[in-house]
Amino acid sequence: MNEEVYKLLQNVDKSVHKCTLCHGLVEKFPNTDTVFLGRNNDIVLVGEAPANNGWRKSHLLWRDESGKMLPSGVVLQKLFDIIDKNILETTFLEAVKCYPLDRKYLKVCSLHCKEFMMAQLEILNPKLIITLGEFPTRTLLDFSFKRFSDVVGNVYEVGKYLVLPIYHPSPISPKSYKGNEPIFEKIKNELL
């Protein structure tokens, strides 16, 4: 990773850590960096918010405090196997930078964090942004939609970016693997 890129990302992180817009709605993200830098930034994954038992506590992406792969990471890696990529080598950031105390705060917090997310994406300049779930998708797409399922699997041009929404890889969702599998086949055959 280019040293200049890392410095620019650190400047965004300093602004994130000074932000008080969601005071009372979140626990601040304790890690210094809010972007996990992969080997390259061709694909950037955008999650909803830090998981309660994941990155914010373990300081390890997709892993709990004991180092065990979280269920969402297991599902996502199975999907990434389709495109011959490793999630631990893929750049990742969250739409909401801090941990929301209640999921009902995701909408307002994602709006508050949009400026930070867009600044990070501008620095990273990915070829493809994959949004994991509804909130990062709603934050990035420049149009409204009624049902998340209406936009999943479609590629959208948002400014200079290609955005591909997928179902969140949490095994709680019945579509976490089966609903996303054809999308990753599409990525393999059409986008890479």
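Taking a ≥ b ≥ c as the square roots of the eigenvalues of the Cα gyration tensor, the range 21-68 is oblate, since a/c reaches 1.5 or more and a/b is not larger than b/c. Spatially, the range 1-64 and the range 138-189 are offset by 22 Å when compared through their Cα centroids. Remark: relative contact order (the chain) = 24 percent; criterion is Cα-Cα distance under 8 angstrom and separation of 6 or more residues.
Counting only protein heavy atoms and a 1.4 Å probe, tell me what percentage of the chain's accessible area is made up of carbon and sulfur.
Details: 4940 of 9780 Å².
The C+S portion of the solvent-accessible surface of the chain is 50 percent.
Per 0.36 nm of contour for each residue apart, how much would the distance between Lys114 and Thr20 grow if the chain were fully extended, relative to their Cα-Cα spacing? Present the calculation step by step, with values, prior to reporting the outcome.
Numbers: separation 94, 0.36 × 94 = 33.84 nm, distance 1.41 nm.
Residue separation times 0.36 nm, minus the Cα-Cα distance, leaves 32.4 nm.
With the simple spin-label model, which puts each label point 7 Å out from Cα in the Cβ direction, the Glu3 to Lys188 separation comes to 4.0 nm.
Under 12 Å from a point placed 7 Å out from the Cα of Asn11 along the Cα-to-Cβ direction: which residues of the range 38-75 have their backbone N that close? Output list for this probe position: empty.
Surface listing: Lys160, Lys114 arranged by accessible area from highest to lowest gives Lys160, Lys114, probe 1.4 Å. Heavy-atom accessible surface of the chain, averaged per residue, reaches 51 Å², computed with a 1.4 Å probe. Straight-distance candidates among the aspartates and glutamates for linking to Lys85, with alpha-carbon spacing under 17 Å and chain neighbours fewer than 8 residues away dropped: Asp42, Glu181, Glu185, Glu190. For a straight C-alpha distance cut-off of 16 angstrom, the aspartates and glutamates reachable from Lys114 (same-chain residues fewer than eight places away being disregarded) are Asp13, Glu48, Glu94, Glu122, Glu134, Asp142. Here Cys98 sits with roughly 10 square angstrom of accessible surface, probe radius 1.4 Å. For semi-axes √(5λ) of the Cα gyration tensor in Å, the candidate list reads (i) 23, 18, 18; (ii) 61, 16, 14; (iii) 32, 19, 15; the entry that matches the value derived from this model is (i).
Counting lysine pairs in the range 8-84 that sit 8 or more residues apart in sequence, or on different chains, and whose Cα atoms lie under 19 Å apart gives 5. Taking 0.36 nm per residue of sequence separation and removing the Cα-Cα distance, the Lys160/Ile172 pair yields an extension gain of 1.0 nm.
The values are calculated or read from the model by the stated rules, or taken from the named source; none is laboratory data. Bear in mind the structure is a predicted one, so any value in this text is a computation, not a measurement. When we count neighbours, we look across all protein chains shown, and the Cβ atoms used for this are built from the backbone with ideal geometry, even at glycine. Side chains included, ligands, DNA and RNA excluded: accessible areas come from the protein's heavy atoms. Shrake-Rupley method; radii C 1.70, N 1.55, O 1.52, S 1.80 Å.
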